[in-house]
Every structure is written in structure tokens, then in C-alpha cells.
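The values are calculated or read from the model by the stated rules, or taken from the named source; none is laboratory data. From a predicted model like this one, the values you see are computed outputs, not experimental measurements. Because the Cβ atoms are built from the backbone with ideal geometry, glycine has one as well, and the counts that use them run over all protein chains shown. Surface accessibility is based on the protein's heavy atoms, side chains included, excluding ligands, DNA and RNA. Shrake-Rupley method; radii C 1.70, N 1.55, O 1.52, S 1.80 Å.
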Amino acid sequence: MERIDSDWLRDFDAAMLVFFAINHKEAGMDEGELGWYADLPPKEAALAYGRDIDLCRVDTFWS
């Protein structure tokens, strides 16, 4: 299994916090699941993960 780049993971968690108010640990993601999205840029990966598991976006509640 390939290790997840720490810069990518930091940026992914930052995007997850903005869009869904959780990070990858709070979402229950393990390294295998992260690997499914690691080929995408962090912001796109966070959005794809949210769509895949039907997370509610917190940024839709504020203008």
C-alpha cells in the first residue's frame, strides 16, 4: 500500500473541514480509503468523498 503524502493529507483535511466540518479521522477513513482519492487534488478529493458517502456540505448553509 502506498503511503499518503502528508501535504496532500493536510490539504485534504482542510478541505474536509471547510465542506463538511470533519477531518478524515472523524469520517472514519483509513489509509486504504484515502488511497482511493489520493490521485485527485485535495479539494476535489474531499468533494468526491462527500458525494460518495452523501455527506451534507456545511458551506451550503452560509452565503
Is there a residue in region 27-38 that is touching a Phe, Trp or Tyr at 6+ places or on another chain (Cβ under 7 Å) and among the acidic types (D, E)?
no
Go through region 44-63 and give me each residue that's exposed (fewer than 14 other Cβ atoms within 10 Å of the Cβ) and either hydroxyl-bearing (S, T, Y) or in a helix (DSSP H, G or I) (or both).
E44, A48, R51, D52, V58, D59, T60, S63
Could you please find all residues in region 1-43 being open to solvent by less than 70 Å² (accessible area, probe 1.4 Å) and part of a loop (DSSP other than H, G, I, E, B)?
I4, A21, I22, N23, H24, A27, G28, M29, A38, L40, P41
